[in-house]
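Asker: Here's a structure for you.
Nothing in this text is a laboratory measurement; each read-out follows from the coordinates by a stated rule. Quick caveat, the model's predicted, so the values are computed rather than measured. Quick reminder, even Gly has a Cβ in these numbers, built from the backbone with ideal geometry, and neighbours come from all protein chains shown.
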Amino acid sequence: MTALDPPDAERSTTAPLAEPETGFTDDTILGRRHRALTLGIVTVVSLIAFEASAVNTAMPIAARALDGVELYAYAFSAYFTASLFAMALSGEWCDRKGPLAPLFSGIVAFGAGLVVAGTAQRMWMFVGGRAVQGIGGGLVIVALYVVVGRAYPRRLQPAVLASFSAAWVLPVLVGPVVAGTVTEQAGWRWVFLSIPVLVLPPLAVMLPALRTLPPGGRSPAMDRRRILLALAVAGGAGLLQYAAQDLVWHSLLPAAAGLALLVPCVLRLLPAGTFRAARGLPSVVLLRGVAAGAFLGAESFVPLMLVTQRGLSATAAGLALAGGGLTWALGSYTQSRARLEPYRERLMGLGMLLIAVAIALVPLALVASVPVWTVAVAWAVGGYGMGMVISSASVLMLKLSRPEEAGSNSSSLQVSDALGNITLVGLSGVLFVAFGGAAIAPTTDATPTPAASSHPAAFTAVYAAMATVALAGAWVTTRLRPNSPSGTTMAPKVVP
């Protein structure tokens, strides 16, 4: 019997809520047993999604108003650098004490970061606020995955993870409109300052269900070494980002120090074989970082390109990404269909190819004769691919995890996600600056015209690099199926 055979296949990856003794006809994610928790989770994810879509819309205006276009990429990567450390901490915290404390602590930190960003007077203060947000986001996302593993039986987990994507649908539709309108009428700061008050109601809804979850019991103490490794990785990534701000010879020192911290610590933080795409869980973890980083590395520059090169308003530029959120949910729904389970790895390969095609199509909008809606169509295609890849990676991670390692493996998946975002968004920023993008003029106008000097090469370099990375991810999908005769494998140990 494998770890996924009945009756364990119907159980969560750790200790689930007790099954009823008799038939339970409404045992779905919205049935009587799981309804409150599902609604609370979906609402929290929806608010995070609204914040992400709103920030994407307001970011070009904020960066130009603070005269910090050269730090534009770091406003995104600072979030993921900080979240990388928080994810490792959250995984250990969840395995020891359960997800309740890290979830609520993360929400508080997330709100505090929004306030710091919204009141920033300099771009470095804004980036610092984004880092505080990242700490909160890292704590929250891992805690939510642990909640899914503990509260829902195995057969319901794909549907719950699909609901994560579905929770983005409304926010990506209304987020750009609301954020663009607020930015144009009241100022970009209110996009950040208005969100914190919205996060409290969903916590009250899900609190009773969270209190019934069993506590973690893998070990009486946190793995401090793993937490320190994550801190070193975050510090190394931060040094690399600092060095990349100014491509001169004296940047080699912080770059070398960053690599010295980053490389050995990452090798020990993620499952053994991750960076050589070993079959099974290591390739699942690697693919998550490749997919997320390539997509965000390209997406981060779409609003900036449309505002500065095509003269769109902040609202219109944000709406160009809305279709991607809708199709992301559709892609996630596709992977959740039971009849497609035998083809999950092939779906993920198709998803990565769609992401590569979408990113490659975006720079066509730099040509004045190409309609701007080309970007919206391309991003809808890419969003569908992301929905299939990201949700499927989460399903495979839970499937291949030992019950007592659900928290740490969820953490590894999210660390890879954050590391991919840090690395590839940072690479996008370096390419953008290297090809002249930093020369885009600052402005406080929420509906600017294109800058006097156009910089299409800076954006083209970003999209070409990210499309290439996505193609590499398509190859990684051929390594997802384990070699074991049963078709399953347990998670390899982290390198000591």
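Asker: Looking only at the range 78-116, which residues have a backbone nitrogen under 15 Å from a spot 7 Å from the Cα of residue 197 in the C-beta direction?
Answerer: Taking a point 7 Å out along Cα→Cβ of residue 197, the residues of the range 78-116 whose backbone N falls under 15 Å are 115.
Asker: With each label point set 7 Å from Cα along the Cα-Cβ vector, what nm distance links residue 435 and residue 253?
Answerer: Inter-label distance under the simple model: 3.2 nm.
Asker: Can you list residues whose amide H is under 5 Å from residue 98's amide H, if they're 5+ apart or on another chain and H is modeled 1.01 Å from N?
Answerer: Under 5 Å from the amide H of residue 98: 216.
Asker: Moving on. 7 Å from Cα along Cα→Cβ at both residue 242 and residue 353: what's the point-to-point distance in nm?
Answerer: If labels sit at residue 242 and residue 353, their model points lie 4.5 nm apart.
Asker: Okay, next question. 5 Å is the cut-off here: which amide hydrogens, built 1.01 Å from N in the peptide plane, fall below it relative to residue 195, excluding neighbours closer than 5 in sequence?
Answerer: none
Asker: Take each of the peptides 368-378, 327-337, 183-193, average the number of other beta-carbon atoms within 10 Å over its residues, and list them starting from the highest.
Answerer: Result, highest mean Cβ count within 10 Å first: 327-337, 183-193, 368-378.
Asker: Further question: When the Karplus curve 6.51 cos²θ - 1.76 cosθ + 1.60 is applied with θ = phi - 60°, which whole-Hz ³J(HN,Hα) does each residue of the range 101-114 get, with x for Gly and Pro?
Answerer: Result, rounded to whole Hz: 5, x, 5, 6, 4, x, 4, 5, 5, 4, x, 5, x, 4.
Asker: Residue by residue, what Karplus-based ³J(HN,Hα) values in Hz, rounded to whole numbers, does the range 263-275 have, using 6.51, -1.76 and 1.60 with θ = phi - 60° and x for Gly and Pro?
Answerer: Ordered by residue, 3J(HN,Hα) equals 5, x, 6, 5, 4, 8, 7, 9, x, 4, x, 4, 7 Hz.
Asker: Could you sort the peptides 73-79, 460-466 by per-residue average Cβ neighbour count (10 Å cutoff), highest mean leading?
Answerer: Order by mean packing, descending: 73-79, 460-466.
Asker: Sort 147-160, 263-276 by the packing proxy (mean of other Cβ within 10 Å over each peptide's residues), most packed first.
Answerer: For the peptides 147-160, 263-276, the packing ranking is 147-160, 263-276.
Asker: What shape does the range 55-144 take by its C-alpha gyration tensor, where a ≥ b ≥ c are the square roots of the eigenvalues and a/c under 1.5 counts as rounded, a/b above b/c as prolate, and the rest as oblate?
Answerer: Since a/c reaches 1.5 and a/b is larger than b/c, the shape of the range 55-144 is classed as prolate.
Asker: Moving on to the next point. Report, largest value first, the span of the C-alpha coordinates of the range 284-404 along each principal axis, in whole Å.
Answerer: Result, largest extent first: 52, 27, 22 Å.
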